[in-house]
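In what follows, a single structure is set out as structure tokens and then discussed.
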Amino acid sequence: MEYIQEFIRYLKFERRYSVHTQKAYEFDLIQFNDYLSSKYECTIIDAKDVMVRSWMMFLIEGNCTKRSLNRKLSSIRQFYKYALRNDILFVNPTLRLVSLKSDKKIPSFISSSEMSFLLERINFPESYEGKRDKAIIQMFYNTGMRLSELIALKIDDVNFSQKYVKVFGKRAKERIIPLLDSHLIDLKVYLDLRLSEFKSVDNLFLTASGKILYPKLVYRMVNSYLSKVTGVKQKSPHLLRHAFATHMLNDGADLNAVKDILGHASLTSTQIYTHNTAEQLKKVYKQAHPRGDK
């Protein structure tokens, strides 16, 4: 356990991984270590490749998805690489292991017409919370930013004159995202109200009592409003990120530009959004087919 905690501190202070990622790594490593202790009476430092394979089979039999299993395998791989570099051990038991081929998962998304209905037809209360909630949903949908990024936004991160917002993503990577004029108008209305009520905190979005937002509050709020316009299962802030990317690409945005706005490290992550809606396929088919106007 001591080595696991040292590794987590390394992820936190040297690699600057997010708290969420740190917790995921820690959970996977402790789970693996507990399995080794129970089945083989050894620790993660003493593991052999056959033990790792046994753990993988144990997870599969427990209905662990390929995606989750590969993430867990990635966690222990990173740990063993760290252990080798720091002379904690001299043989990597994951060296000959191969990740499972995951089924390609197409992300759920809300249609552009549903988003337009939400932002233009649904009534948001005239209170501070109502103005804030609409500004948050607009920020998610107009920028594609992550929940953690939105919560961390400071007032000074929004540049009204240059029409952009500065976002600090994973591993503190900074990116600039343009903002629409219509969004800036509503955001200014919210900000004026927010500054009149709360002046001691720098964060852009606050709770009704002037505290920094927390993920569960934002999730519940977004879920509540999305429930008014869509029946998709996962009504979360991440759904709005999916919608942003999907709608941008469907309307002809450059894949590399969307990648940069989303803060993805590679195009592979962005390419999952290149699927088309049925409506988009019908539109392209009708425009391109010689008898499309018949």
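Please indicate, with yes or no, whether at least one residue in the stretch 47-61 is surrounded by 16 or more Cβ atoms within 10 Å (Cβ to Cβ), touching a Lys or Arg at 6+ places or on another chain (Cβ under 9 Å) and within 25 Å of ASP87 (Cα to Cα).
yes
Would you be able to tell me the number of residues in the stretch 24-53 that are hydrophobic (A, V, I, L, M, F, W, C), closer than 19 Å to LEU89 by Cα and within 33 Å of the chain's Cα centre (by Cα)?
Total meeting the criteria: 9.
How many residues, within the stretch 204-247, are touching a residue at least 40 places away in the same chain (Cβ under 8 Å), hydrophobic (A, V, I, L, M, F, W, C) and part of a helix (DSSP H, G or I)?
Residues that pass the stated criteria total 9.
State all residues of the stretch 168-190 that are within 17 Å of the chain's Cα centre (by Cα) and basic (Lys, Arg); if no residue qualifies, say none.
The answer is LYS170, ARG171, LYS173, ARG175.
Given the structure, is LEU89 over 21 Å from the mean Cα position of the chain (by Cα), modelled with pLDDT under 90 and surrounded by 12 or more Cβ atoms within 10 Å (Cβ to Cβ)?
No: the conditions fail for LEU89.
Which of (1) crowded, with 17+ Cβ neighbours inside 10 Å; (2) farther than 21 Å from ALA253 by Cβ; (3) under 20 Å from the mean Cα position of the chain (by Cα) does TYR141 not meet, given it meets every other one?
With (1) crowded, with 17+ Cβ neighbours inside 10 Å; (2) farther than 21 Å from ALA253 by Cβ; (3) under 20 Å from the mean Cα position of the chain (by Cα) applied to TYR141, the lone miss is (2).
Tell me which of these CYS42 doesn't satisfy, since it passes every other one: (1) farther than 22 Å from LYS101 by Cβ; (2) assigned to a helix (DSSP H, G or I); (3) in contact with a Leu (Cβ under 9 Å, 6 or more places away or on another chain); (4) not β-branched (Val, Ile, Thr).
(2)
Quick check on the stretch 272-294: of everything there that is more than 15 Å from the chain's Cα centre (by Cα) and under 30 Å from ARG171 (Cα atoms), which residue is modelled with the lowest pLDDT?
Among residues in the stretch 272-294 that are more than 15 Å from the chain's Cα centre (by Cα) and under 30 Å from ARG171 (Cα atoms), the one modelled with the lowest pLDDT is HIS275.
The values are calculated or read from the model by the stated rules, or taken from the named source; none is laboratory data. Only a predicted model underlies this, so the values are computations on that prediction, with no experimental measurement involved. Note that we place each Cβ from the backbone using ideal geometry, even for glycine, and neighbour counts take in every protein chain shown.
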